[in-house]
Amino acid sequence: MRSFTYSRAGSAAEAVGRAAAGTAFVAGGTNLLDLMKADVLRPEGLVDISRLPLDRIEETAEGGLRLGALARNADTAYDERVQTRYPMLSKAILAGASAQLRNMATNGGNLLQRTRCYYFYDTATPCNKRQPGSGCGAIGGVNRIHAILGASDQCIAVHPSDLCVALAALEAVVRVTGPDGERSIPFAELHRLPGDRPEIDTVLRPGDLVTAIDLPARGFAEHSTYLKIRDRASYAFALVSVAAGLEMDGDTVRDARLALGGVAHKPWRDPEAEAALIGKPATPDRFRAAARVLLRDAKGHEHNSFKIELAERAIVRALTEAAERKGASRP
Amino acid sequence: MAPLKASLRPAPAPPPAPIPVTLNVNGVERTLHLAPWTTLLDALRLHLDLTGTKKGCDHGQCGACTVLVDGRRINSCLTLAAMQDGRKVTTIEGLTTGDALHPLQEAFIEHDAFQCGYCTPGQICSAAGLIAEGKATTDDEIRELMSGNLCRCGAYPNIVAAIRQAMATVAPKAEGAP
Ligand SMILES: Cc1cc2nc3c(=O)[nH]c(=O)nc-3n(C[C@H](O)[C@H](O)[C@H](O)COP(=O)(O)OP(=O)(O)OC[C@H]3O[C@@H](n4cnc5c(N)ncnc54)[C@H](O)[C@@H]3O)c2cc1C
Ligand code: SF4
Ligand code: FES
Ligand code: FES
């Protein structure tokens, strides 16, 4: 790692106040330090926010839960309220990384982790995300893990988080405090598509500190699942993942949430695909039809076209599981 | 290539001052003065001569560097020593009580749960964390919750057997369980 200065913030306000250009917050450190060792990120100063008192999980006045930005991924996944009221979220977190990493990783850090695109990590290759204007190594290179939806001719990277896919399906709200005060960001608006500015992952501005993630009351606990398809049975990033939540009226779908991971620069939701499920019987054919709506503009590259059919099948399987399932499943 | 003339070289920024870091390592309070970028793993191995904890990948991918901090298992390669200031660190060297091996150490020997042994300190510390967490009961759950520890010698079946045996003798503790 390159040389940097280190300081610990005693309060959120102090952290925001110290966030100068060239400075980064460090929470769990599991993504930031990894990228600093790879020389991809080169902050001149780290502000340690890991001890800020933003690590609680609390009830909200609206009947939901507030997840502290500094609550660890493991503590969030094993929280009894999360397990019973938001089982898809618990399952998604436990499908990610390893037990050690989940003990370190924070909820805020998880949202802001960077892509695992090989070229982003390899400073000897071009990458528009790492070095704007240098080109994209993955287009025309090895792109097996890359995007099939929402990509641009500048960047075809995917967002690697599992947690975020469930948060997108649950319509969580991200709470932020920054140099311009506090604000709330609907989850769907947090991450952006690459477009012609692939170096910018989210709508956060310099100095913004994520303080919490609010879960609305509706957790789809009765009929939900998180399905992760990957190269190994455990400890691997998703090729495709699906967070599915249904509200059922007998065999009819009354409401539906569907979010995909591993396919785009952000967790992918499509209102038309969800609309295609509502009021319809919960059958594989209907699920497949909705999957085709979601994937109508999917575009593969040389090594990742398999993801299109994989995503379709994963959606059908996840929705089938969610429709059948009563209550929480053990991950 | 000819060396740059000293006058043409940009003046290097002075290195940040070492920061004092106090760790309770295996029951002993140790104060070190470390460069900010010193990982907990390097602090243990290079500054405290506790070389039981291994560096495999240095990127959170193999689990060889697993230690317990305040009773919870973490990858010591992906945290700075300064971030753990004031905390209790337990390494493989700290699991024994006097000359008596920890039940996990006994079980690993009994089940021949290693070949080269490089992953073993990490496996054992991780298993101690797993038992404290109390989330695994079946072999499949042990495998899933130990997936952050790779073994290139492929001793996995024996590792699972050793952990299953030790789990029967060591009760999960509330302290350290997430
Ligand atoms: C081997 C390995 C396997 C993994 N597998 C998976 C997986 O399968 N699924 C998955 O989802 N993830 C996986 N991860 C990624 C892991 O989940 C992330 O590294 C972790 O969630 C990041 O959280 P952190 O607290 O450690 O973040 P840090 O590394 O501390 O920070 C990450 C970024 O977020 C910023 N940041 C952190 N907190 C805040 C805040 N409160 N406000 C503003 N900015 C903030 C930091 O400045 C930094 O830019 C894996 C990681 C590794 C190393
Ligand atoms: S896909 Fe994006 S992150 Fe990967 S090389 Fe191209 S620009 Fe960089
Ligand atoms: S050395 Fe830390 S996980 Fe490999
Ligand atoms: S015993 Fe050799 S790596 Fe596990």
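Of the residues making up region A:112-119, at least one is within 16 Å of ligand 2 (Cβ to nearest atom) and part of a helix (DSSP H, G or I). When you scan region A:130-153, do you find a residue that is within 14 Å of chain B (Cβ to nearest Cβ) and either at pLDDT 95 or above or not in a loop (DSSP other than H, G, I, E, B) (or both), even just one? Within region A:130-153, none of the residues are within 14 Å of chain B (Cβ to nearest Cβ) and either at pLDDT 95 or above or not in a loop (DSSP other than H, G, I, E, B) (or both).
Only residues that are out of contact with any Gly (no Cβ under 7 Å at 6 or more places or on another chain) and more than 7 Å from every other protein chain (Cβ to nearest Cβ) were counted across region A:27-37, and they come to 3.
For region A:258-304, the set of residues classified as without any contact (Cβ under 8 Å) to a residue 24 or more places away in the chain and of a type in the set (A, V, I, L, M, F, W, C) consists of A:273, A:275, A:276, A:289, A:293, listed by residue number. Give just the number: which of (1) away from chain B (no Cβ under 14 Å); (2) open to solvent by 20 Å² or more (accessible area, probe 1.4 Å) does residue A:235 not satisfy? Checking residue A:235 against (1) away from chain B (no Cβ under 14 Å); (2) open to solvent by 20 Å² or more (accessible area, probe 1.4 Å), the one that fails is (1). For region A:210-218, the criterion of being assigned to a loop (DSSP other than H, G, I, E, B) and within 14 Å of another protein chain (Cβ to nearest Cβ) is met by no residue. Pairs are defined by a Cβ separation below 8 Å, a sequence spacing of at least 6 or placement on different chains, a first member in region A:41-56 that is under 15 Å from residue A:28 (Cα atoms), and a second member that is part of a loop (DSSP other than H, G, I, E, B) and hydroxyl-bearing (Ser, Thr, Tyr); the pairs so defined are A:52/A:11. Of all residues assigned to region A:126-134, at least one qualifies as being over 28 Å from residue A:185 (Cβ atoms), within 9 Å of ligand 2 (Cβ to nearest atom) and open to solvent by 20 Å² or more (accessible area, probe 1.4 Å). Looking at region A:70-96, which of the residues that are open to solvent by 20 Å² or more (accessible area, probe 1.4 Å) and hydroxyl-bearing (Ser, Thr, Tyr) is nearest to the other protein chains (Cβ to nearest Cβ)? Among those residues, the one meeting the criterion is A:78.
Screening region B:46-67 for residues that are among the aliphatic types (A, V, I, L, M) and buried (at least 24 other Cβ atoms within 10 Å of the Cβ) and picking the one that is farthest from the other protein chains (Cβ to nearest Cβ) gives B:64. For residue B:74, indicate whether it is at pLDDT 95 or above, open to solvent by less than 30 Å² (accessible area, probe 1.4 Å) and away from chain A (no Cβ under 14 Å). Considered against the rule, which asks whether it is at pLDDT 95 or above, open to solvent by less than 30 Å² (accessible area, probe 1.4 Å) and away from chain A (no Cβ under 14 Å), residue B:74 comes out as no. Of note, residue B:79 does not satisfy the criterion of being touching a helix residue (DSSP H, G or I) at 6+ places or on another chain (Cβ under 6 Å), in contact (Cβ under 8 Å) with a residue 24 or more places away in the chain, among the hydroxyl-bearing types (Ser, Thr, Tyr) and open to solvent by 10 Å² or more (accessible area, probe 1.4 Å). Here region A:97-118 is the region considered, the condition is being open to solvent by 20 Å² or more (accessible area, probe 1.4 Å) and facing another protein chain (nearest Cβ under 8 Å), and the residue that is farthest from ligand 1 (Cβ to nearest atom) is A:101.
Considered as a group, the residues in region B:111-161 that are in contact with an Asp or Glu (Cβ under 8 Å, 6 or more places away or on another chain) and within 12 Å of chain A (Cβ to nearest Cβ) include one that is farthest from ligand 2 (Cβ to nearest atom), and that residue is B:132. Applying the criterion of being open to solvent by 20 Å² or more (accessible area, probe 1.4 Å) and among the aliphatic types (A, V, I, L, M) to the residues of region A:41-69, the residue that is farthest from residue A:125 (Cα to Cα) is A:61. Determine if region A:231-240 includes at least one residue that is free of Cβ contacts under 8 Å to residues at least 60 places away in the same chain, more than 27 Å from residue A:153 (Cα to Cα) and aromatic (Phe, Trp, Tyr). Scanning region A:231-240, I find no residue that is free of Cβ contacts under 8 Å to residues at least 60 places away in the same chain, more than 27 Å from residue A:153 (Cα to Cα) and aromatic (Phe, Trp, Tyr), so the answer is no.
The values are calculated or read from the model by the stated rules, or taken from the named source; none is laboratory data. Everything numeric in this text was worked out from a predicted model, so none of it was measured. Note that we place each Cβ from the backbone using ideal geometry, even for glycine, and neighbour counts take in every protein chain shown. Calculation scope for accessible area: heavy atoms of the full protein, side chains included, ligands and nucleic acids excluded. Shrake-Rupley method; radii C 1.70, N 1.55, O 1.52, S 1.80 Å.
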